[in-house]
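The values are calculated or read from the model by the stated rules, or taken from the named source; none is laboratory data. All values derive from a computational prediction rather than experimental measurement. Reconstructed Cβ throughout: ideal geometry from the backbone, glycine too, with neighbour counts over all protein chains shown.
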Amino acid sequence: MNKKLIIVGDSAFAEIAYEYFTHDSNYEVVAFSVEKEYQSRSDIFGLPVVDFEILEEKFDTATHDVFVAVVYTQLNRLRARLASEAKAKGFGLASYISSKAFVWSNVKLGEHCFIFEDNTVQPFVRIEDNVVLWSGNHIGHHSVIKKHNFISSHVVVSGFCEIGENCFLGVNATVANNISIAKDTWVGPGVVISKDTEEGQLFKSDAIEAARISTHRFFKVKA
């Protein structure tokens, strides 16, 4: 534990980030931080929650790094803004790569990324700044994940793809080979993308309706 870390945020992601950084990195989490207007508690796990506006007055920027544990709010723009402001204050931006993720040696990784367990990131992939890969994704060879993206669990990005800035890919989404996802694209859970998208498109998953017959009747179970 030779690096000090401040986690910006107080949501479930902030609590999860605390667990991973504490138990699977060389960082020691020493505080949380939230913009004063949105503070709802004074401590998390016994650590102080400090006003983000005065963070540099409370902690030495030379010895403390920051990770912004915010999900895909405003298509990742909130996370991007807070990370940029923390960097402007003089803090370094931390990244986390799970010891249980497979990231090939020649993958190029930007700053302020969070890669959960069971991700497979194949050779010649480039992941730019401020990208979150939740657990269990496949990022295919020669693909590029641009800045400020959030890729949720069990997403398949095939080879030679490009994911533009500020996108969200939902659980079990699939992107076929040689596809470009334009910036600000939202891909819902289970959606298959097989052709290039246009900026700002939203792809919803089809709602599955329940069958007319109940499980009790189908399996002859008395309720």
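Structure notes:
- Extreme residue, farthest from G159 (Cα to Cα), among residues of region 105-115 that are in contact (Cβ under 8 Å) with a residue 24 or more places away in the chain and buried (at least 17 other Cβ atoms within 10 Å of the Cβ): H112
- Exactly one residue among I163, I179 is surrounded by 13 or more Cβ atoms within 10 Å (Cβ to Cβ) and under 18 Å from N119 (Cβ atoms), and that residue is I163.
- Among residues of region 155-173, those that are more than 12 Å from F203 (Cα to Cα) and either in a strand (DSSP E or B) or not assigned by TED's automatic domain parsing to the domain that holds S135 (or both), counted: 4
- Only one of the listed residues (A31, A12) is closer than 27 Å to I127 by Cα, modelled with pLDDT of 95 or more and not assigned by TED's automatic domain parsing to the domain that holds K147. That residue is A12.
- For V50, the test of being in contact (Cβ under 8 Å) with a residue 12 or more places away in the chain, farther than 29 Å from I145 by Cα and of a type in the set (V, I, T) is passed.
- Filtered residue count, region 34-57, keeping only those that are farther than 16 Å from F91 by Cα and of a type in the set (A, V, I, L, M, F, W, C): 4
- The residue that is farthest from the chain's Cα centre (by Cα), counting only those in region 193-222 that are loosely packed, with under 13 Cβ neighbours inside 10 Å and not in a loop (DSSP other than H, G, I, E, B), is R217.
- Per the listing I6, I16, the residue uniquely in contact with a Phe, Trp or Tyr (Cβ under 7 Å, 6 or more places away or on another chain) and outside any loop (DSSP other than H, G, I, E, B) is I6.
- Residue that is surrounded by the most Cβ atoms within 10 Å (Cβ to Cβ) [pool: residues in region 36-79 that are assigned to a loop (DSSP other than H, G, I, E, B) and among the hydrophobic types (A, V, I, L, M, F, W, C)]: A69
- Of the numbered criteria (1) touching a Leu at 6+ places or on another chain (Cβ under 9 Å); (2) in a loop (DSSP other than H, G, I, E, B); (3) among the charged types (D, E, K, R), the one E117 fails is (1).
- Unmet criterion (only one of (1) part of a loop (DSSP other than H, G, I, E, B); (2) not assigned by TED's automatic domain parsing to the domain that holds V157) for L82: (1)
- Odd one out for F102, checked against (1) in contact (Cβ under 8 Å) with a residue 60 or more places away in the chain; (2) surrounded by fewer than 18 Cβ atoms within 10 Å (Cβ to Cβ): (1)
- If only residues of region 85-103 that are among the hydrophobic types (A, V, I, L, M, F, W, C) and outside any helix (DSSP H, G or I) are counted, the one that is farthest from D60 (Cα to Cα) is F102.
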